1. Report whether or not K27 is in contact (Cβ under 8 Å) with a residue 60 or more places away in the chain, out of contact with any Gly (no Cβ under 6 Å at 6 or more places or on another chain) and part of a helix (DSSP H, G or I).
2. So, in the range 46-77, exactly how many residues are touching a residue at least 40 places away in the same chain (Cβ under 8 Å) and within 13 Å of S99 (Cα to Cα)?
3. Of the residues in the range 116-137, how many are of a type outside the set (D, E, K, R) and closer than 18 Å to T206 by Cβ?
4. Between a residue in the range 215-244 that is closer than 20 Å to E37 by Cα and in contact (Cβ under 8 Å) with a residue 24 or more places away in the chain and any residue that is of a type in the set (G, A, S) and near the ligand (Cβ under 6 Å from one of its atoms), which pairs come within a Cβ distance under 8 Å, given they are 6 or more apart or on different chains?
5. Could you check how many residues of the range 154-179 are surrounded by fewer than 21 Cβ atoms within 10 Å (Cβ to Cβ) and under 16 Å from the mean Cα position of the chain (by Cα)?
6. So E37 passes all but one of these: (1) part of a helix (DSSP H, G or I); (2) within 15 Å of the ligand (Cβ to nearest atom); (3) exposed (fewer than 13 other Cβ atoms within 10 Å of the Cβ). Which condition number does it fail?
7. For the range 104-122, which residues satisfy the criterion of being within 23 Å of L171 (Cα to Cα) and surrounded by fewer than 14 Cβ atoms within 10 Å (Cβ to Cβ)?
8. Can we say Y151 is aromatic (F, W, Y) and exposed (fewer than 14 other Cβ atoms within 10 Å of the Cβ)?
Amino acid sequence: MEQQKLETEKPVMSYSKLNTYLTCSMKYKYKYIDKIEAPKSLSLLFGTVVHNVIRAWNIGNLEPTQVKEATTAIWQEQLNKTNIENALDAIITASMDKSIELLDGYFKLDRPKPDGTELYLTREADGIVLEGYIDGIFKDGNLVDYKTSSYRWKEERAGVELQPSFYALLLDSNDLTFYFDILIKTKTPTYQLLNIHITNSDTTNTLKLVKTITQCIQNKIYYPIHSSIYCNPGFCEYYGTCYCP
Ligand code: SF4
């Protein structure tokens, strides 16, 4: 997916930026201010490949018999343009096989296809430009986001994620259902469909949070939190840059 370049002097906030800042403001600085290129993990690449195949399926460019061939081609395309850190060929091959198995099983579920896929949206709210890509939108305005995970999500997690209310804010909607369609990389693939209904109070609170974090960024407030559970080489691609024990 080609990233859009937004030309504006106003502050711009996406869900990804917001989530990164809340996870670790120093990570935000490395990624969005200093623009330090970090090697991608195989797990991140796995998610990108699965997203691209689901997109092709949703727009009707893929038959069930073509899943293996299409997934392999997308892996090759991604591997050619990505610097993968510490991945042996055998591990890459195992990941490719796992993604094919996961997608084959997923398409057999015959989930309803969204009416719009990978839509880039932007709108201004209180002087801040909100932007984001929506995985899928249905005719009734409800949204779906595809996730890959190594484990099952707890049911309550859908209710604490910020992404649904951020996307509702982006759509200027105070009444929508957001679905997390999760493909789980267990030995035998499993699948979860969780949802959360977003109302006015959710979007109001998220806009307040967006304004607060935008102010922190404008005031250049960045600091490392090495005590965080997210501060480890498996989760933070800047660990090698940042961590000085
Ligand atoms: S290594 Fe830790 S403190 Fe440094 S950017 Fe990553 S998460 Fe933040």
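The values are calculated or read from the model by the stated rules, or taken from the named source; none is laboratory data. All values reported here derive from a predicted model rather than from experimental measurement. Glycine also receives a Cβ, built like all others from the backbone with ideal geometry; neighbour counts cover every protein chain displayed.
1. On the way: in contact (Cβ under 8 Å) with a residue 60 or more places away in the chain: yes; out of contact with any Gly (no Cβ under 6 Å at 6 or more places or on another chain): yes; part of a helix (DSSP H, G or I): yes.
When the stated conditions are applied, K27 passes them.
2. Looking only at that region, the number is 9.
3. Going residue by residue through the range 116-137, those that are of a type outside the set (D, E, K, R) are 116-117, 119-122, 125, 127-130, 132-134, 136-137.
From the residues that got through so far, the ones that are closer than 18 Å to T206 by Cβ too are 121-122, 125, 127-130, 132-134.
Residues flagged as of a type outside the set (D, E, K, R) and closer than 18 Å to T206 by Cβ within the range 116-137 amount to 10.
4. Hits for this filter: zero, empty list.
5. 6
6. (1)
7. P112, D115, Y120
8. Yes.
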